[in-house]
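The next block holds one structure in the form of structure tokens; read it before the comments.
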Amino acid sequence: MKLQTLTEVNAERAARRPVIVVTDTANGEQRLVKAKDIAADPLRADLAKQLRMGKSGMIEAGGKKLFLNVYAPTAKLVIVGAVHISQALAPIARVVGYDVTIVDPRTAFASIERFPDVKVIAEWPDTALPPLAIDRYTAFVALTHDPKIDDPALTHALERDCFYVGALGSRKTHARRVDRLKAQGLGEDALARIHAPIGLAIGSVSPPEIALAIMGQITASLRLPPEKQP
């Protein structure tokens, strides 16, 4: 890899922006494709597919064998609510490869003893969330059932284009949530991005089952094209 290409790759990675290096295996020629340029690239379908998978791979295009080297940011999972579901969800997410953070101002819940292997922040969302640099490669779930905690947290996530935003609660609970957030100025398009009731409809009942349903929905949002997401 040429020094200029390597420098650009490192700059994009430092900014948590995905980038793909396309190498012609016949002659070693390389070009770099930034995430913002994928839609206009001749290889856009293949580039988008490999980026969704988060994996490098070989393709054939125009009679050439090309290796697509994918550099994607490590996905984050921010969980608002140090509840029983979170105790099951956090380890599942870590096994899948997510960088997990728990946020909950209730110090009786947000303790290292209950969450020994993840970052725990016992602060209100307006204090805890800005330093986390939530971005397009962040999944965000709100699980407290407390509007004072969940509502500002959801607003923060929606303003930062998280690839997944979910909130615990029934359809009636979510309808009331939507009314509150509308009153605070959030638009229809933003509110439609909230997955609620949260998780895949797999009949889950217990906290571990609900956590599994949530992680499945997060994975689908990250890996599948929009038209194939459940």
request  = Write down the Å³ per residue value for the convex hull defined by the alpha carbon atoms of the stretch 144-230.
outcome  = 97
request  = First compute the accessible area of the chain with a 1.4 Å probe, then give the percent of it belonging to carbon and sulfur atoms.
outcome  = 54
inquiry  = Looking at the chain only, what percent of DSSP beta bridges run antiparallel? Nearest 5 please.
reply    = 45
ask   = Angle between the Cα long axis of helix 147-159 and the longest principal axis of the chain, 0 to 90 degrees, nearest 10?
value = 20
task = Evaluate Rg over Rh across the stretch 1-96, taking Cα atoms for both radii and Kirkwood's formula for Rh.
result = 1.11
query = Kirkwood hydrodynamic radius of the chain from all distinct Cα pairs, in Å?
reply = 19.1
query = What is the helix-to-structure angle for 84-96, meaning the angle in degrees between its Cα long axis and the longest Cα principal axis of the chain, kept from 0 to 90 and rounded to the nearest 10?
reply = 10
message = Rounding to the nearest 10 and keeping the result within 0 to 90°, find how far the Cα-based axis of helix 207-223 lies from the longest principal axis of the chain.
response = 30
task = Could you calculate the FRET efficiency of Ala133 with Ser170 from 1/(1 + (r/R0)^6), where r is the beta carbon distance between them and R0 is 41 Å, rounded to 0.05?
result = 0.80
Per residue accessible area of the chain, 1.4 Å probe, in Å² = 52
note = Taking the reciprocal of mean 1/r across every pair of different Cα atoms in the stretch 150-201, the Kirkwood radius in Å is 11.0
message = Please report Rg (one decimal) and Dmax (integer) in Å for the Cα set of the stretch 28-149.
response = 19.2, 62
ask   = Once you wrap a convex hull around the alpha carbon atoms of the stretch 52-112, what is its projected area averaged over all directions, in nm²?
value = 5.4
remark   = Placing one equal point scatterer on each C-alpha of the stretch 1-44 and summing with Debye, one gets log10 I(q)/I(0) at q = 0.33, 0.34 Å⁻¹ equal to -1.16, -1.17
inquiry  = What value in Å³ per residue do you get for the convex hull of the alpha-carbon atoms in the stretch 75-141?
reply    = 70
key: Cα-derived Rg to Rh of the stretch 171-213, Kirkwood definition   = 1.09
key: Solvent exposure, largest accessible area first (probe 1.4 Å, DNA, RNA and ligands not counted), of Phe67, Phe163   = Phe67, Phe163
ask   = Which trypsin sites (Lys or Arg not before Pro) does the stretch 1-95 hold that lie in a coil by DSSP with at most 16 other beta carbons within 10 Å?
value = Lys2, Arg16, Lys55
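The values are calculated or read from the model by the stated rules, or taken from the named source; none is laboratory data. In this text the structure is predicted, and so the values were computed from the model without any measurement. Virtual Cβ from ideal backbone geometry, glycine too; neighbours counted across all protein chains shown. To get the accessible areas, we keep the full protein, side chains included, count just its heavy atoms, and leave off ligands, DNA and RNA. Shrake-Rupley method; radii C 1.70, N 1.55, O 1.52, S 1.80 Å.
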